[in-house]
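What follows is one structure encoded as structure tokens, with my remarks underneath.
The values are calculated or read from the model by the stated rules, or taken from the named source; none is laboratory data. Not measured: the values here are computed from a predicted model. Ideal geometry is used to build each Cβ from the backbone, glycine not excepted, and the neighbour counts take in all protein chains shown.
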Amino acid sequence: MGENDFAPLEPLPVRPDEEAEKEIRHPFWHCFCCQDTGKIQPHLVRRVIPSYNYERDRLPICQNCHKGHDWFHLNDLGVIDTRLGPQICRKLDSLAREDWRLTAQAWFEMMKQRLEQATGEITAEHNLRKRDRIQAEFILVQEKHGRARGDWEEIEDSEVAE
Ligand SMILES: [Zn+2]
């Protein structure tokens, strides 16, 4: 391949809004507590262990879904934290769902606004063009009628300016 050749890319079609909306409103995880990883999301852990440090502290394991089981074998190694029981995990799951819902809502408001703004700009431009065209057509019709009547006069720009 030459220096100025490009590696071909696949096109990126604009996705229909409803599809993106469906994906955001019904997100990818079954369990919001651990996002299906078995490890409770650090920002959720901090609701229960305020000074929790992901780098330093034992991993709190999700007990809201079965994914946590993948981690329980590490219990003997002292690297996991099982104190956040099913009740806490269930509560964290619903907190995270509410967070998600609000975030998705804010995101959609933003996208809708952007779309409306863009559409508004396009419409304004379109209307301007249409108006210009109508004006030009109107002048042509005037000229045609004037010539037919025999009283059409070319008006020089300089005369108009005076
Ligand atoms: Zn989970």
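Could you list, in sequence order, all residues of segment 72-87 that are under 15 Å from Arg47 (Cα atoms) and small (Gly, Ala, Ser)?
Correct list: Gly85 only.
Looking at (1) closer than 21 Å to Pro27 by Cα; (2) out of contact with any helix residue (DSSP H, G or I) (no Cβ under 8 Å at 6 or more places or on another chain), which is the one condition that is false for Gln63?
That leaves (2) as the condition not met.
Among the residues of segment 1-40, which ones are touching a Phe, Trp or Tyr at 6+ places or on another chain (Cβ under 8 Å) and at pLDDT 75 or above?
Looking only at segment 1-40, we keep the residues that are touching a Phe, Trp or Tyr at 6+ places or on another chain (Cβ under 8 Å), and these are 21, 24, 27, 32, 35-36, 38-39.
Across segment 1-40, the qualifying residues are Phe32, Gln35, Asp36, Gly38, Lys39.
If you take the residues in segment 50-73 that are in contact (Cβ under 8 Å) with a residue 12 or more places away in the chain and in a loop (DSSP other than H, G, I, E, B), which one is farthest from the ligand (Cβ to nearest atom)?
Kept after step one, since they are in contact (Cβ under 8 Å) with a residue 12 or more places away in the chain, are these residues of segment 50-73: 54, 57-65, 67-71.
Now restrict to residues that are in a loop (DSSP other than H, G, I, E, B): 54, 57-58, 62-65.
Details: Tyr54: 17, Asp57: 18, Arg58: 17, Cys62: 3, Gln63: 8, Asn64: 5, Cys65: 3 Å.
Ranking the qualifying residues of segment 50-73, first place goes to Asp57.
Within segment 95-112, take every residue that is among the aromatic types (Phe, Trp, Tyr) and more than 23 Å from Val48 (Cα to Cα) and give me the one that is surrounded by the most Cβ atoms within 10 Å (Cβ to Cβ). Walk me through it before giving the result.
Going residue by residue through segment 95-112, those that are among the aromatic types (Phe, Trp, Tyr) are 100, 107-108.
Those left that are additionally more than 23 Å from Val48 (Cα to Cα): 107-108.
On the way: Trp107: 13, Phe108: 15.
So the residue we want is Phe108.
Surrounded by 10 or more Cβ atoms within 10 Å (Cβ to Cβ), in a helix (DSSP H, G or I) and modelled with pLDDT under 80: which single residue out of Leu128, Leu140, Leu92, Leu115 fits that description? Walk me through how you get there before you give the answer.
On the way: Leu140 fails: modelled with pLDDT under 80; Leu92 fails: modelled with pLDDT under 80; Leu115 fails: modelled with pLDDT under 80.
Unique residue meeting the criteria: Leu128.
Of all residues in segment 93-118, count the ones that are away from the ligand (no atom under 16 Å from the Cβ) and either on the phi > 0 side of the Ramachandran plot or aliphatic (A, V, I, L, M) (or both).
Looking only at that region, the number is 7.
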